[in-house]
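Asker: Attaching a single structure in structure tokens format; questions to follow.
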Amino acid sequence: MPSFHGRSLDRLQALQVLFQSEAAGRSVSAVLDDAYLVSDEVGRQNLVTTGPIRPYARELALGVEAHRATLDAEIAERSISWDFSRITPVDKNLLRVALFELLYEDDVDTAVCADEAVRLAKALGGEDSHRFVNGILGAVARSERDASRVARAEGGDGSEDAPGKASESEE
């Protein structure tokens, strides 16, 4: 598996928490509260397989949980010819994290969001996961761009599609 750092690592950790939540039938909050607690020389820490849970990973996992119904509806609407229940848990959670960032995080560039999700899909998903993830995210991004254009045409400021939107690099 490739090495992950910065926000890439945060996304990986959020995926681990979301996958654990879904597999165990527990809330994200419950998983964050105790599923990864271990004792070490320093004391008790909330750990995922990649180390202590990072603040942005926690924010992503909780954000996905808070908006899960909306995120799942976006995925289901765009997964043409593929029933939502048949999407693997890995792909579903990858898409949830990416869509949460795309729709609710203003400081994450759309291209970065899609690139990161595809990279994670290649590392963690099945043979065609990266294509599926890319297709869903592309459809959502096009829809968001179209909505922004309509808002500008109707007199909105279109700030959600502003060219100066902050881009993120691996931190």
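Asker: What residue, of 61, 76, 69, is buried (at least 19 other Cβ atoms within 10 Å of the Cβ) and modelled with pLDDT of 90 or more?
Answerer: The match here is 61.
Asker: Scan the range 118-129 for residues that are under 18 Å from residue 13 (Cβ atoms) and either in contact with a Cys (Cβ under 6 Å, 6 or more places away or on another chain) or in contact (Cβ under 8 Å) with a residue 40 or more places away in the chain (or both) and jot them down.
Answerer: Once the filter is applied, which keeps residues that are under 18 Å from residue 13 (Cβ atoms) and either in contact with a Cys (Cβ under 6 Å, 6 or more places away or on another chain) or in contact (Cβ under 8 Å) with a residue 40 or more places away in the chain (or both), the range 118-129 yields 119, 120, 123, 124.
Asker: Here's a follow-up. Applying the selection to the range 116-171, what residues are in a loop (DSSP other than H, G, I, E, B), at pLDDT 55 or above and closer than 22 Å to residue 56 by Cβ?
Answerer: 125
Asker: Give the residue that is farthest from residue 125 (Cα to Cα), with candidates limited to residues of the range 1-48 that are at pLDDT below 80 and of a type in the set (S, T, N, Q).
Answerer: For the range 1-48, the residue satisfying everything is 39.
The values are calculated or read from the model by the stated rules, or taken from the named source; none is laboratory data. None of these values were measured; they are calculated from a predicted model. Note that we place each Cβ from the backbone using ideal geometry, even for glycine, and neighbour counts take in every protein chain shown.
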